[in-house]
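What follows is a single structure, written as structure tokens, with notes after it.
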Amino acid sequence: MKKSPYSPDEFMSSLYGKIKAEPYKNAVSYEDALEIGKSIKEKAMELFSLERLNSMATELRLVPVGKVLDYPDYTLKKYSVEILHGLNSLVYILEPKNVKGKTNGVIALCGHGYGVRQILNISKKGNKKHLNYIDNYQNNFAVEMAKRGCTVIAPELFGFGEARLSHDLWKPFYISSCDELSHHLLPYGLTTASLRVYQALTCAKILRKLEAVDENKVSLMGISGGGLTALYASVLDESIYKTVICGYVNTFKDSILSMWHCPDNYIPHILETGEIYDFAAALAPKELFIESGEKDKLFPIKASQQAHNSIKRVYSLMNAEDKLHIDVFPGKHAVCGRKSFDWLSE
């Protein structure tokens, strides 16, 4: 490896120790943890530009598009909804069959890949798909939750699939618009993450208005970039019932800052508030389920376990150990679901 006295490697490595906040470092009581969590939530409002985005909001109106797909356990309906002035969002709603009374609501947030259709197991043209995608790391989890009697809303996240920039739509579906969008949003004080978090929060509003859904049981589930979105949306919405985060809970130091990641993972000033695990800990005493794969190369298991321990400590201070669930499974970067699916549907 070539060396130069002017390479910024050492400087970049030193920034983490100089800037990263440790909000829970001196917390020793329930009151300490409660106040710190409240502070993190307040700072998240600014980090994700929530007030600015709220000022651009429109009245939510679901407009049916495409065709309804009928399955033995659920129906799949496609809608367009303007969530900000000039920004239409595509959402799919999965309505379970043969369910009595109100259902749980689940916001299903996909990761990188083929867009939302990868968690719905539908084709590019919106038809039923009889075979799984080659890389099925997302495990059709939106479908799995509908089969368990949940009403599910799955948005096409900003920059994925049909929500890519026009000049990217001709490219294969697995190529996102994240790079260009992430860079171009920065001069406006926005990020790809802030737009996706806003989408998730909007989906929560939509679910709570549906007659079939128990408005007090609206939850979030996401994998990878969708896990990022699920975590921070849960921090910002006190009314979220349960949160499942797959393939994301780790440390910025050992994952996002130690290898190549999509630019949608980089959020200005976030380390001044805390690490990934600090935001997860701020959810206490709310219900939280974390999935981490032992062979996940993007979010290495050793750092995930470090994050788990930090979160456990805060949940313990909040007397909420029974609200935190962690499944370390013998797999790669993926949705596992062996415990989380049934837990989320309860």
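None of the figures in this text is laboratory data; all of them are computed from the coordinates on show. Owing to the predicted nature of the structure, the values given are computational and were not obtained by experimental measurement. Positions of Cβ are generated from backbone atoms using ideal geometry, with glycine treated the same way; all protein chains shown enter the neighbour counts.
I'd like the distance separating the alpha-carbon centroids of the range 182-241 and the range 23-53, in whole Å.
If you average the Cα positions of each part, the centres end up 18 Å apart.
Could you size up the charge dipole of the range 21-345 around its Cα centre, putting +1 on the beta carbon of Lys and Arg and -1 on that of Asp and Glu, and report it in debye to the nearest 20?
1140
Nearest 20 debye, what's the magnitude of the dipole of the range 1-86 about its Cα centre given +1 on Lys and Arg Cβ and -1 on Asp and Glu Cβ?
Taking the Cα centre of the range 1-86 as origin, the dipole is about 400 debye.
Amide H of ASN250: which non-local residues (sequence gap of 5 or more, or other chain) have their own amide H closer than 5 Å, using H built in the peptide plane?
Here the answer is TYR277, since their amide H atoms fall under 5 Å of that of ASN250.
Which distance in Å, rounded to a whole number, links the C-alpha centroids of the range 244-293 and the range 83-115?
Computed from Cα coordinates, the inter-centre distance equals 23 Å.
Which of the pairs LYS38/LYS312; LYS67/LYS147; LYS171/LYS242; LYS78/LYS295; LYS41/LYS217 have their Cα atoms more than 28 Å apart in this structure?
LYS171/LYS242; LYS78/LYS295
With a cut-off of 16 Å, note down the residues of the range 306-333 whose backbone N falls inside the zone around a label point 7 Å from the Cα of TYR30 toward its beta carbon.
314-323
If you fit an axis through the alpha-carbon atoms of helix 30-47 and take the longest principal axis of the Cα set of the chain, what angle between them do you get, 0 to 90°, nearest 10?
Between helix and principal axis, roughly 70 degrees.
Percent antiparallel among DSSP beta bridges with both residues in the chain, to the nearest 5?
Antiparallel bridges make up about 45 percent of those DSSP assigns within the chain.
Using +1 at the Cβ of each Lys and Arg and -1 at the Cβ of each Asp and Glu in the range 21-345, identify which of PHE158, SER123, PRO187 lies farthest towards the dipole's positive end.
Projecting each Cα onto the dipole axis, the largest value belongs to SER123.
Roughly speaking, what is the stretch gain from LEU60 to LYS2, that is 0.36 nm per residue apart minus the C-alpha to C-alpha distance, in nm to one decimal?
Answer, rounded to one decimal: 15.3 nm.
If we sort 127-133, 82-88 on the protection proxy, mean other Cβ atoms within 10 Å, highest first, what's the order?
Order by mean packing, descending: 82-88, 127-133.
Which values of log₁₀ I(q)/I(0), to two decimal places, follow from the Debye formula for the range 90-172 at q = 0.16 Å⁻¹ with a uniform point scatterer at every Cα?
Debye output, listed in q order: -0.61.
Which of the chymotrypsin sites (Phe, Trp or Tyr not before Pro) found in the range 254-346 are loop residues per DSSP with 11 or fewer other Cβ atoms within 10 Å of their Cβ?
Answer in residue order: TRP260.
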